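J.: Here's a structure for you.
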Amino acid sequence: MRGCSPMTSVVLTVVGKVIEPNKGKTLELNRALEEYLKLVRWYVGFGITSKTKLHELTYEEAKKRFSLNTALIQTARDKAVEILKSFSERKAEGRAKADRPAVKRVSIRLDRRAFKLDKSSTKLTPYWLVVSLRRGVRIALPLAFGSRQKQFIEETLQGLWELDSVELVKRDGVWFAHFKIKKNVVTYGAEEAKTLIGVDLGEWNAVAAAAISRDSPSRPMRGQFWGGQRIRFVRGKYAHIRRSLQRKKRLDLVKRIGSKEGRTVNQMLHEIAKGVVEYAKQFPKPVIVMEDLEGIRDRMSGDNKLLNRRLHSWSFRKLQKYIEYKALLSGIPIVYVKPKNTSRTCHRCGFTVDEVKGREFRCPRCGLRYNRDLNAAINIALALTRGRGWGAVTPPRTPT
Ligand SMILES: [Zn+2]
(Lines give C-alpha, C1' and ligand atoms only; values in the text may rest on other atoms or scores of the structure.)
Protein backbone atom coordinates (compact mmCIF):
# COMPACT_ATOMS: atom_id res chain seq x y z
CA MET A 1 0.00 0.00 0.00
CA ARG A 2 1.24 3.40 -0.84
CA GLY A 3 0.77 6.23 1.55
CA CYS A 4 0.11 9.81 0.60
CA SER A 5 2.92 12.09 -0.52
CA PRO A 6 2.65 15.26 1.50
CA MET A 7 3.78 18.49 -0.09
CA THR A 8 6.16 20.64 1.88
CA SER A 9 7.55 23.93 0.80
CA VAL A 10 11.17 24.90 1.15
CA VAL A 11 11.75 28.61 1.70
CA LEU A 12 15.21 30.11 1.29
CA THR A 13 16.66 33.60 1.47
CA VAL A 14 19.14 34.54 -1.22
CA VAL A 15 21.17 37.67 -0.63
CA GLY A 16 22.60 39.89 -3.34
CA LYS A 17 24.61 43.06 -2.92
CA VAL A 18 23.64 46.23 -4.75
CA ILE A 19 26.82 47.19 -6.56
CA GLU A 20 27.95 50.65 -7.60
CA PRO A 21 24.59 52.36 -7.41
CA ASN A 22 24.95 55.84 -8.90
CA LYS A 23 24.09 59.01 -6.99
CA GLY A 24 20.54 59.21 -8.29
CA LYS A 25 19.75 55.62 -7.35
CA THR A 26 21.30 55.93 -3.90
CA LEU A 27 19.29 59.09 -3.32
CA GLU A 28 16.09 57.37 -4.39
CA LEU A 29 16.79 54.36 -2.15
CA ASN A 30 17.52 56.57 0.85
CA ARG A 31 14.43 58.71 0.26
CA ALA A 32 12.21 55.67 -0.05
CA LEU A 33 13.69 54.14 3.11
CA GLU A 34 13.11 57.35 5.06
CA GLU A 35 9.52 57.52 3.92
CA TYR A 36 8.94 53.82 4.46
CA LEU A 37 10.20 54.08 8.05
CA LYS A 38 7.85 57.02 8.64
CA LEU A 39 4.97 55.04 7.19
CA VAL A 40 5.65 51.97 9.35
CA ARG A 41 5.82 54.23 12.42
CA TRP A 42 2.58 55.92 11.38
CA TYR A 43 0.87 52.54 11.08
CA VAL A 44 2.29 51.30 14.40
CA GLY A 45 0.82 54.43 15.98
CA PHE A 46 -2.70 53.11 15.36
CA GLY A 47 -2.00 50.11 17.56
CA ILE A 48 -4.27 47.93 15.41
CA THR A 49 -3.25 44.32 14.84
CA SER A 50 -5.84 43.44 12.23
CA LYS A 51 -4.56 43.98 8.69
CA THR A 52 -8.04 44.34 7.22
CA LYS A 53 -9.19 46.81 9.85
CA LEU A 54 -6.04 48.86 9.58
CA HIS A 55 -6.32 48.85 5.80
CA GLU A 56 -9.93 50.03 5.73
CA LEU A 57 -9.21 52.74 8.23
CA THR A 58 -6.02 54.14 6.73
CA TYR A 59 -5.43 53.22 3.10
CA GLU A 60 -6.81 56.36 1.44
CA GLU A 61 -5.11 58.59 3.99
CA ALA A 62 -1.82 56.73 3.59
CA LYS A 63 -1.93 57.26 -0.19
CA LYS A 64 -2.44 60.98 0.33
CA ARG A 65 0.31 61.35 2.92
CA PHE A 66 2.96 59.14 1.34
CA SER A 67 4.30 59.06 -2.19
CA LEU A 68 5.30 55.39 -1.93
CA ASN A 69 4.09 52.81 -4.41
CA THR A 70 0.76 51.36 -3.21
CA ALA A 71 2.30 47.88 -3.01
CA LEU A 72 4.80 49.30 -0.51
CA ILE A 73 2.03 50.97 1.47
CA GLN A 74 0.57 47.53 1.98
CA THR A 75 3.82 45.82 2.98
CA ALA A 76 4.51 48.67 5.44
CA ARG A 77 1.10 48.03 6.95
CA ASP A 78 1.90 44.30 7.22
CA LYS A 79 5.22 45.08 8.85
CA ALA A 80 3.55 47.37 11.38
CA VAL A 81 1.11 44.58 12.28
CA GLU A 82 4.00 42.10 12.66
CA ILE A 83 5.87 44.57 14.86
CA LEU A 84 2.81 45.16 17.06
CA LYS A 85 2.12 41.45 17.40
CA SER A 86 5.64 40.51 18.41
CA PHE A 87 5.69 43.49 20.77
CA SER A 88 2.54 42.35 22.55
CA GLU A 89 4.01 38.86 22.83
CA ARG A 90 7.14 40.26 24.43
CA LYS A 91 4.98 42.42 26.68
CA ALA A 92 2.98 39.39 27.78
CA GLU A 93 6.23 37.66 28.70
CA GLY A 94 7.32 40.74 30.62
CA ARG A 95 10.17 41.46 28.22
CA ALA A 96 8.94 44.88 27.04
CA LYS A 97 8.28 47.91 29.22
CA ALA A 98 7.14 50.70 26.88
CA ASP A 99 3.52 51.21 25.76
CA ARG A 100 4.30 51.19 22.08
CA PRO A 101 7.18 49.55 20.21
CA ALA A 102 9.95 51.90 19.12
CA VAL A 103 10.67 51.33 15.45
CA LYS A 104 14.30 52.25 14.97
CA ARG A 105 15.01 50.75 11.59
CA VAL A 106 13.26 48.80 8.90
CA SER A 107 14.01 47.19 5.60
CA ILE A 108 11.79 47.84 2.58
CA ARG A 109 9.66 44.87 1.65
CA LEU A 110 8.55 44.51 -1.95
CA ASP A 111 6.00 41.95 -2.99
CA ARG A 112 5.73 40.52 -6.49
CA ARG A 113 3.89 43.57 -7.82
CA ALA A 114 6.67 45.98 -6.97
CA PHE A 115 9.80 44.39 -8.42
CA LYS A 116 11.20 42.43 -11.30
CA LEU A 117 14.39 40.40 -11.50
CA ASP A 118 16.01 40.67 -14.90
CA LYS A 119 18.98 39.09 -16.56
CA SER A 120 20.80 40.98 -19.25
CA SER A 121 24.30 40.83 -20.64
CA THR A 122 25.65 44.07 -19.29
CA LYS A 123 29.32 44.53 -18.48
CA LEU A 124 28.77 45.32 -14.79
CA THR A 125 26.58 42.35 -13.89
CA PRO A 126 23.94 40.14 -15.50
CA TYR A 127 21.52 40.55 -12.59
CA TRP A 128 19.26 43.58 -12.32
CA LEU A 129 16.55 44.25 -9.80
CA VAL A 130 13.98 46.67 -11.19
CA VAL A 131 11.99 48.30 -8.43
CA SER A 132 9.29 50.86 -8.14
CA LEU A 133 9.61 52.41 -4.71
CA ARG A 134 7.76 55.69 -5.08
CA ARG A 135 4.84 56.08 -7.45
CA GLY A 136 6.03 56.84 -10.96
CA VAL A 137 9.71 56.24 -10.20
CA ARG A 138 11.42 53.12 -11.46
CA ILE A 139 15.05 52.23 -10.86
CA ALA A 140 17.23 49.31 -11.89
CA LEU A 141 19.70 48.08 -9.28
CA PRO A 142 22.73 46.02 -10.36
CA LEU A 143 23.29 43.02 -8.10
CA ALA A 144 26.21 40.75 -7.31
CA PHE A 145 25.81 37.29 -5.79
CA GLY A 146 28.19 34.84 -4.15
CA SER A 147 28.62 31.50 -5.91
CA ARG A 148 26.08 29.54 -3.85
CA GLN A 149 23.55 32.38 -4.04
CA LYS A 150 24.11 32.75 -7.76
CA GLN A 151 23.13 29.12 -8.30
CA PHE A 152 19.78 29.68 -6.57
CA ILE A 153 19.13 32.90 -8.48
CA GLU A 154 19.85 31.12 -11.75
CA GLU A 155 17.42 28.37 -10.79
CA THR A 156 14.86 31.02 -9.90
CA LEU A 157 15.30 32.72 -13.27
CA GLN A 158 14.73 29.32 -14.89
CA GLY A 159 11.46 29.05 -13.01
CA LEU A 160 12.57 26.25 -10.68
CA TRP A 161 11.84 28.42 -7.64
CA GLU A 162 8.99 30.79 -7.05
CA LEU A 163 10.08 34.33 -6.30
CA ASP A 164 8.07 35.42 -3.30
CA SER A 165 9.31 38.81 -2.14
CA VAL A 166 12.43 40.89 -1.69
CA GLU A 167 13.62 43.02 1.21
CA LEU A 168 15.90 45.96 0.56
CA VAL A 169 18.25 46.12 3.51
CA LYS A 170 20.70 48.92 4.27
CA ARG A 171 23.65 47.84 6.40
CA ASP A 172 26.61 50.07 7.18
CA GLY A 173 25.73 52.24 4.21
CA VAL A 174 25.59 49.32 1.77
CA TRP A 175 22.36 48.07 0.21
CA PHE A 176 21.44 44.41 -0.04
CA ALA A 177 18.52 42.61 -1.65
CA HIS A 178 17.21 39.63 0.32
CA PHE A 179 15.12 37.47 -1.99
CA LYS A 180 12.68 35.01 -0.50
CA ILE A 181 12.33 32.04 -2.82
CA LYS A 182 9.95 29.12 -2.48
CA LYS A 183 9.65 25.64 -3.89
CA ASN A 184 7.17 22.87 -3.27
CA VAL A 185 8.70 19.48 -2.71
CA VAL A 186 7.08 16.09 -2.59
CA THR A 187 8.17 13.87 0.24
CA TYR A 188 6.66 11.06 2.28
CA GLY A 189 5.48 10.97 5.85
CA ALA A 190 8.00 10.04 8.56
CA GLU A 191 5.82 7.07 9.49
CA GLU A 192 6.39 5.64 6.01
CA ALA A 193 10.15 5.77 6.33
CA LYS A 194 12.11 2.53 6.33
CA THR A 195 15.38 3.88 7.72
CA LEU A 196 15.72 6.25 10.66
CA ILE A 197 18.80 8.44 10.50
CA GLY A 198 19.68 9.84 13.92
CA VAL A 199 21.78 12.99 13.74
CA ASP A 200 23.69 14.12 16.81
CA LEU A 201 25.26 17.56 16.89
CA GLY A 202 28.18 17.95 19.17
CA GLU A 203 31.49 19.63 19.53
CA TRP A 204 34.06 16.91 19.13
CA ASN A 205 32.35 15.57 16.08
CA ALA A 206 30.29 18.38 14.63
CA VAL A 207 27.88 15.70 13.48
CA ALA A 208 27.53 11.99 14.11
CA ALA A 209 24.89 10.13 12.15
CA ALA A 210 23.66 6.59 12.64
CA ALA A 211 21.08 4.63 10.70
CA ILE A 212 18.66 2.09 12.04
CA SER A 213 16.21 0.05 10.05
CA ARG A 214 12.65 0.29 11.21
CA ASP A 215 12.30 -3.46 10.93
CA SER A 216 15.30 -4.31 13.08
CA PRO A 217 16.02 -1.26 15.23
CA SER A 218 18.25 -3.15 17.64
CA ARG A 219 20.94 -3.49 14.99
CA PRO A 220 22.27 -0.05 14.06
CA MET A 221 24.05 0.26 10.73
CA ARG A 222 27.43 1.84 10.06
CA GLY A 223 27.51 5.42 11.26
CA GLN A 224 29.46 8.39 10.00
CA PHE A 225 31.18 11.42 11.51
CA TRP A 226 31.82 14.91 10.25
CA GLY A 227 34.71 16.46 12.05
CA GLY A 228 34.47 19.33 14.43
CA GLN A 229 38.27 19.64 14.19
CA ARG A 230 38.23 21.96 11.20
CA ILE A 231 35.60 24.21 12.73
CA ARG A 232 37.53 24.22 16.00
CA PHE A 233 40.67 25.07 14.11
CA VAL A 234 39.03 27.99 12.30
CA ARG A 235 37.39 29.28 15.47
CA GLY A 236 40.66 28.98 17.37
CA LYS A 237 42.66 30.72 14.67
CA TYR A 238 40.24 33.64 14.46
CA ALA A 239 39.95 33.95 18.24
CA HIS A 240 43.72 34.32 18.31
CA ILE A 241 43.74 36.97 15.56
CA ARG A 242 40.88 38.81 17.25
CA ARG A 243 42.68 38.97 20.58
CA SER A 244 45.80 40.38 19.03
CA LEU A 245 43.79 42.96 17.04
CA GLN A 246 41.90 43.98 20.17
CA ARG A 247 45.19 44.53 21.94
CA LYS A 248 46.22 46.79 19.07
CA LYS A 249 42.80 48.51 19.24
CA ARG A 250 42.02 47.70 15.61
CA LEU A 251 38.28 47.30 16.09
CA ASP A 252 37.58 47.96 12.40
CA LEU A 253 39.62 44.90 11.52
CA VAL A 254 38.01 42.83 14.28
CA LYS A 255 34.67 43.34 12.55
CA ARG A 256 36.00 42.39 9.14
CA ILE A 257 37.70 39.29 10.57
CA GLY A 258 34.40 38.33 12.17
CA SER A 259 32.54 38.25 8.88
CA LYS A 260 35.35 36.35 7.20
CA GLU A 261 35.22 33.76 9.97
CA GLY A 262 31.46 33.53 9.57
CA ARG A 263 31.79 32.86 5.86
CA THR A 264 34.42 30.16 6.37
CA VAL A 265 32.39 28.39 9.05
CA ASN A 266 29.26 28.71 6.92
CA GLN A 267 30.97 26.98 4.03
CA MET A 268 31.94 24.13 6.35
CA LEU A 269 28.42 23.82 7.70
CA HIS A 270 27.10 23.55 4.14
CA GLU A 271 29.59 20.79 3.36
CA ILE A 272 28.66 18.89 6.51
CA ALA A 273 24.93 19.24 5.76
CA LYS A 274 25.52 17.94 2.25
CA GLY A 275 27.44 14.98 3.65
CA VAL A 276 24.65 14.11 6.08
CA VAL A 277 22.08 14.09 3.28
CA GLU A 278 24.38 11.96 1.10
CA TYR A 279 24.76 9.55 3.99
CA ALA A 280 20.98 9.33 4.44
CA LYS A 281 20.42 8.80 0.71
CA GLN A 282 22.26 5.45 0.63
CA PHE A 283 19.55 3.82 2.77
CA PRO A 284 16.04 2.82 1.69
CA LYS A 285 13.37 5.48 2.33
CA PRO A 286 15.20 7.46 5.01
CA VAL A 287 13.89 10.02 7.49
CA ILE A 288 16.36 12.31 9.24
CA VAL A 289 15.77 12.63 12.96
CA MET A 290 17.28 15.59 14.76
CA GLU A 291 17.16 16.81 18.29
CA ASP A 292 15.11 19.83 19.17
CA LEU A 293 17.48 22.70 19.88
CA GLU A 294 16.11 23.24 23.37
CA GLY A 295 17.01 19.66 24.17
CA ILE A 296 20.55 20.22 23.01
CA ARG A 297 20.89 23.36 25.09
CA ASP A 298 19.62 21.61 28.22
CA ARG A 299 22.05 18.79 27.70
CA MET A 300 24.97 21.14 27.10
CA SER A 301 24.41 23.22 30.20
CA GLY A 302 23.98 20.05 32.22
CA ASP A 303 27.03 18.40 30.75
CA ASN A 304 29.55 21.13 30.58
CA LYS A 305 29.24 24.86 31.10
CA LEU A 306 32.42 25.62 29.25
CA LEU A 307 31.31 23.62 26.27
CA ASN A 308 28.05 25.52 26.26
CA ARG A 309 29.88 28.79 26.09
CA ARG A 310 32.23 27.64 23.38
CA LEU A 311 29.48 26.29 21.24
CA HIS A 312 27.40 28.86 19.52
CA SER A 313 23.86 27.67 19.47
CA TRP A 314 23.36 29.62 16.26
CA SER A 315 25.69 27.33 14.36
CA PHE A 316 23.65 24.39 15.59
CA ARG A 317 20.42 25.87 14.37
CA LYS A 318 22.04 26.97 11.14
CA LEU A 319 23.43 23.51 10.54
CA GLN A 320 20.02 21.98 11.25
CA LYS A 321 18.42 24.38 8.78
CA TYR A 322 20.96 23.52 6.09
CA ILE A 323 20.42 19.80 6.67
CA GLU A 324 16.68 20.40 6.62
CA TYR A 325 16.45 22.19 3.28
CA LYS A 326 19.02 20.00 1.56
CA ALA A 327 17.16 16.91 2.75
CA LEU A 328 13.77 18.23 1.68
CA LEU A 329 15.15 19.14 -1.74
CA SER A 330 16.17 15.48 -2.03
CA GLY A 331 12.69 14.41 -0.97
CA ILE A 332 13.84 13.23 2.46
CA PRO A 333 11.56 14.17 5.37
CA ILE A 334 12.87 15.63 8.62
CA VAL A 335 11.56 15.08 12.12
CA TYR A 336 12.56 16.82 15.34
CA VAL A 337 12.39 14.95 18.60
CA LYS A 338 12.91 15.89 22.23
CA PRO A 339 14.66 12.92 23.74
CA LYS A 340 16.17 12.90 27.20
CA ASN A 341 19.72 11.91 28.11
CA THR A 342 20.68 10.96 24.57
CA SER A 343 24.37 10.93 25.40
CA ARG A 344 24.04 9.18 28.76
CA THR A 345 21.70 6.37 27.79
CA CYS A 346 22.80 3.00 26.48
CA HIS A 347 21.13 2.48 23.12
CA ARG A 348 21.20 -1.28 23.59
CA CYS A 349 19.64 -1.76 27.01
CA GLY A 350 18.32 1.70 27.92
CA PHE A 351 20.42 2.06 31.07
CA THR A 352 21.34 5.65 31.95
CA VAL A 353 24.78 6.40 33.36
CA ASP A 354 25.59 9.50 35.43
CA GLU A 355 28.45 10.62 33.28
CA VAL A 356 30.20 9.64 30.10
CA LYS A 357 33.94 10.00 30.42
CA GLY A 358 36.03 10.31 27.30
CA ARG A 359 34.99 9.43 23.78
CA GLU A 360 33.57 6.01 24.55
CA PHE A 361 30.24 5.11 26.07
CA ARG A 362 30.52 2.17 28.44
CA CYS A 363 27.42 0.53 29.80
CA PRO A 364 27.82 -1.05 33.25
CA ARG A 365 24.63 -3.06 32.77
CA CYS A 366 24.98 -4.78 29.41
CA GLY A 367 28.67 -4.19 28.81
CA LEU A 368 28.21 -2.18 25.60
CA ARG A 369 31.20 -0.13 24.48
CA TYR A 370 30.36 2.33 21.77
CA ASN A 371 31.46 5.64 20.37
CA ARG A 372 29.65 8.18 22.53
CA ASP A 373 28.40 10.37 19.67
CA LEU A 374 27.13 7.43 17.65
CA ASN A 375 25.39 6.08 20.74
CA ALA A 376 23.68 9.48 21.09
CA ALA A 377 22.73 9.49 17.40
CA ILE A 378 21.16 6.04 17.73
CA ASN A 379 19.18 7.20 20.76
CA ILE A 380 17.88 10.17 18.77
CA ALA A 381 16.72 7.84 15.99
CA LEU A 382 15.15 5.49 18.55
CA ALA A 383 13.27 8.40 20.11
CA LEU A 384 11.18 8.49 16.96
CA THR A 385 10.19 4.83 17.23
CA ARG A 386 9.06 5.37 20.81
CA GLY A 387 7.46 8.73 20.35
CA ARG A 388 5.50 7.64 17.30
CA GLY A 389 4.17 4.54 18.95
CA TRP A 390 6.04 2.26 16.60
CA GLY A 391 6.57 -0.06 19.48
CA ALA A 392 9.33 -0.01 22.02
CA VAL A 393 12.62 -1.48 20.99
CA THR A 394 13.26 -4.83 22.55
CA PRO A 395 16.69 -4.64 24.11
CA PRO A 396 18.91 -7.71 23.73
CA ARG A 397 19.27 -9.84 26.80
CA THR A 398 21.78 -8.58 29.31
CA PRO A 399 24.85 -10.80 29.28
CA THR A 400 25.27 -12.65 32.53
ZN1 LIG B 1 23.51 -1.21 28.12
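J.: When Val169 is evaluated against the numbered criteria (1) in contact with a helix residue (DSSP H, G or I) (Cβ under 9 Å, 6 or more places away or on another chain); (2) β-branched (Val, Ile, Thr); (3) closer than 30 Å to Glu34 by Cα, which criterion, by number, is the only one it fails?
T.: Only one criterion in (1) in contact with a helix residue (DSSP H, G or I) (Cβ under 9 Å, 6 or more places away or on another chain); (2) β-branched (Val, Ile, Thr); (3) closer than 30 Å to Glu34 by Cα is unmet by Val169, namely (1).
J.: Now, a different point. Find all pairs meeting these conditions: Cβ atoms under 7 angstrom apart; at least six residues apart or on different chains; first residue within segment 335-350 and of a type in the set (Lys, Arg); second residue in a loop (DSSP other than H, G, I, E, B) and within 14 Å of the ligand (Cβ to nearest atom).
T.: Arg344/Val353; Arg344/Val356; Arg348/Cys363; Arg348/Cys366; Arg348/Leu368; Arg348/Pro395; Arg348/Pro396
J.: Now for a separate question. When you look at Tyr322, is it touching a His at 6+ places or on another chain (Cβ under 9 Å), at pLDDT 80 or above and within 16 Å of the ligand (Cβ to nearest atom), yes or no?
T.: Spelling it out, it is not the case that Tyr322 is touching a His at 6+ places or on another chain (Cβ under 9 Å), at pLDDT 80 or above and within 16 Å of the ligand (Cβ to nearest atom).
J.: From the list Glu191, Glu203, which one is assigned to a loop (DSSP other than H, G, I, E, B), at pLDDT below 90 and surrounded by 14 or more Cβ atoms within 10 Å (Cβ to Cβ)? Lay out the reasoning, then the answer.
T.: Details: Glu191 fails: assigned to a loop (DSSP other than H, G, I, E, B).
None of the others qualify; the one that does is Glu203.
J.: What number of residues within segment 176-188 satisfy the criterion of being open to solvent by less than 30 Å² (accessible area, probe 1.4 Å) and either farther than 30 Å from Glu20 by Cα or assigned to a loop (DSSP other than H, G, I, E, B) (or both)?
T.: Qualifying residue count, segment 176-188: 2.
J.: Then there's this: Tally the residues that are touching a strand residue (DSSP E or B) at 6+ places or on another chain (Cβ under 6 Å) and of a type outside the set (Ser, Thr, Tyr), restricting the search to segment 41-84. Break it down stepwise before answering.
T.: Applying the first criterion (touching a strand residue (DSSP E or B) at 6+ places or on another chain (Cβ under 6 Å)) to segment 41-84 yields 67-68, 71, 75.
Remaining after also requiring of a type outside the set (Ser, Thr, Tyr): 68, 71.
Residues meeting the conditions: 2.
J.: Then there is this: Here are Glu20, Glu34, Glu93: which of them is among the charged types (D, E, K, R) and at pLDDT 90 or above? Spell out the reasoning first.
T.: Working: Glu20 fails: at pLDDT 90 or above; Glu93 fails: at pLDDT 90 or above.
Glu34 is the lone residue from the list that is among the charged types (D, E, K, R) and at pLDDT 90 or above.
J.: Please work out which one of (1) among the polar types (S, T, N, Q); (2) open to solvent by 20 Å² or more (accessible area, probe 1.4 Å); (3) at pLDDT 95 or above is the condition Ser147 fails and give its number.
T.: Condition not satisfied by Ser147: (3).
J.: For residues in segment 337-370 being part of a strand (DSSP E or B) and either aliphatic (A, V, I, L, M) or open to solvent by 80 Å² or more (accessible area, probe 1.4 Å) (or both), which is farthest from the ligand (Cβ to nearest atom)? I'd like the intermediate steps shown before the answer.
T.: Restricting attention to segment 337-370, the residues satisfying the condition of being part of a strand (DSSP E or B) are 337, 345, 352, 360-362, 369-370.
Subsequent filtering for residues that are either aliphatic (A, V, I, L, M) or open to solvent by 80 Å² or more (accessible area, probe 1.4 Å) (or both) retains 337, 362, 369.
Numbers: Val337: 21, Arg362: 9, Arg369: 10 Å.
Looking at the filtered set, the residue picked out is Val337.
J.: What do you reckon, is Gly331 at pLDDT below 80, in contact with a strand residue (DSSP E or B) (Cβ under 7 Å, 6 or more places away or on another chain) and closer than 25 Å to Met7 by Cα?
T.: no
J.: Right, Arg386: farther than 17 Å from Ile334 by Cα, more than 15 Å from the ligand (Cβ to nearest atom) and either surrounded by 10 or more Cβ atoms within 10 Å (Cβ to Cβ) or modelled with pLDDT of 85 or more (or both) or not?
T.: So Arg386 does not fit the description; no.
J.: Another one. With within 31 Å of the chain's Cα centre (by Cα), at pLDDT 90 or above, in the same structural domain as Ala273 (by TED's automatic domain parsing) and more than 23 Å from Tyr279 (Cα to Cα) as the only criterion, which of Arg344, Arg362 stands out? Please lay out each step first, then the result.
T.: Details: Arg362 fails: within 31 Å of the chain's Cα centre (by Cα).
Sole residue among the options that is within 31 Å of the chain's Cα centre (by Cα), at pLDDT 90 or above, in the same structural domain as Ala273 (by TED's automatic domain parsing) and more than 23 Å from Tyr279 (Cα to Cα): Arg344.
The values are calculated or read from the model by the stated rules, or taken from the named source; none is laboratory data. The structure presented is a predicted model; accordingly, all values stated were derived computationally and were not measured. So basically every Cβ, Gly included, is an ideal-geometry build from the backbone, and we count neighbours across all protein chains shown. SASA here: full protein model, heavy atoms, side chains in, ligands and nucleic acids out. Shrake-Rupley method; radii C 1.70, N 1.55, O 1.52, S 1.80 Å.
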